[in-house]
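Trainee: Got a structure for you, written out below as structure tokens; questions coming shortly.
The values are calculated or read from the model by the stated rules, or taken from the named source; none is laboratory data. The structure displayed is predicted, hence computed values, not measured ones. Note: ideal-geometry Cβ built from the backbone for every residue, glycine included; neighbour counts use all protein chains shown.
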Amino acid sequence: MNPDYEQQLEGEIDRRLKRLRELQAPATLVSRVMSGIERPVLLPWYRQSWQMWPLPLRAASLLALIAAFGGICFGSWELTQTESFVAATHTLGAWFTSASALFHALSALAGAVLVAVKGLGTGFLIACLLAGAMAYAMCLGLGTVYLRLAWPRR
């Protein structure tokens, strides 16, 4: 935009805002704002944020959380050492081995298809692509004609 126009617009807005008179807040607004400010102080400690809790309770909750985290870590470590977990990992390993064999077979098949396509020649591939494009265009055109015949405009 034009910088001169923006400065003129800014000056005009500034002049109009300075001409406005001061607005007085309603008398009930002050009491509502003050009660809103004092309300969080009236909440019990367990309804306030953790930083507002008494220091002994914060320390106790922190120790409880550390103990729970340690227990979860120890329990998960011990779980990995159980026979049922080891059997489950062996079963999953067998599934992934099957999936890996399938992936290798499909990649070998894709390689064979690629070699076969390379052996066909460029001219044959272009002719196949053109035939496919013409078949698509013909299907699209005939579909449009059939739809117009089926639902004519009145």
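Trainee: Could you tell me which residue of the range 11-51 is nearest to the chain's Cα centre (by Cα), considering only residues that are polar (S, T, N, Q) and surrounded by 10 or more Cβ atoms within 10 Å (Cβ to Cβ)? Give the steps one after another, and end with the answer.
Mentor: So in the range 11-51, the residues polar (S, T, N, Q) come out as 24, 28, 31, 35, 48-49, 51.
Right, trim to surrounded by 10 or more Cβ atoms within 10 Å (Cβ to Cβ) and you get 31, 35, 48.
Details: S31: 44, S35: 40, Q48: 31 Å.
Within the range 11-51, the match that is nearest to the chain's Cα centre (by Cα) is Q48.
Trainee: Can you name the condition, by its number, that L57 falls short on among (1) assigned to a helix (DSSP H, G or I); (2) more than 34 Å from the chain's Cα centre (by Cα); (3) without any contact (Cβ under 8 Å) to a residue 12 or more places away in the chain?
Mentor: Single failed check for L57: (3).
Trainee: Can you tell me how many residues in the range 27-46 are modelled with pLDDT of 85 or more and touching a helix residue (DSSP H, G or I) at 6+ places or on another chain (Cβ under 9 Å)?
Mentor: Total meeting the criteria: 0.
Trainee: Could you tell me which of the residues G111, G121 is surrounded by 10 or more Cβ atoms within 10 Å (Cβ to Cβ) and either at positive phi or in contact (Cβ under 8 Å) with a residue 12 or more places away in the chain (or both)? First the steps, then the outcome.
Mentor: Values: G111 fails: either at positive phi or in contact (Cβ under 8 Å) with a residue 12 or more places away in the chain (or both).
Every option except G121 fails the conditions.
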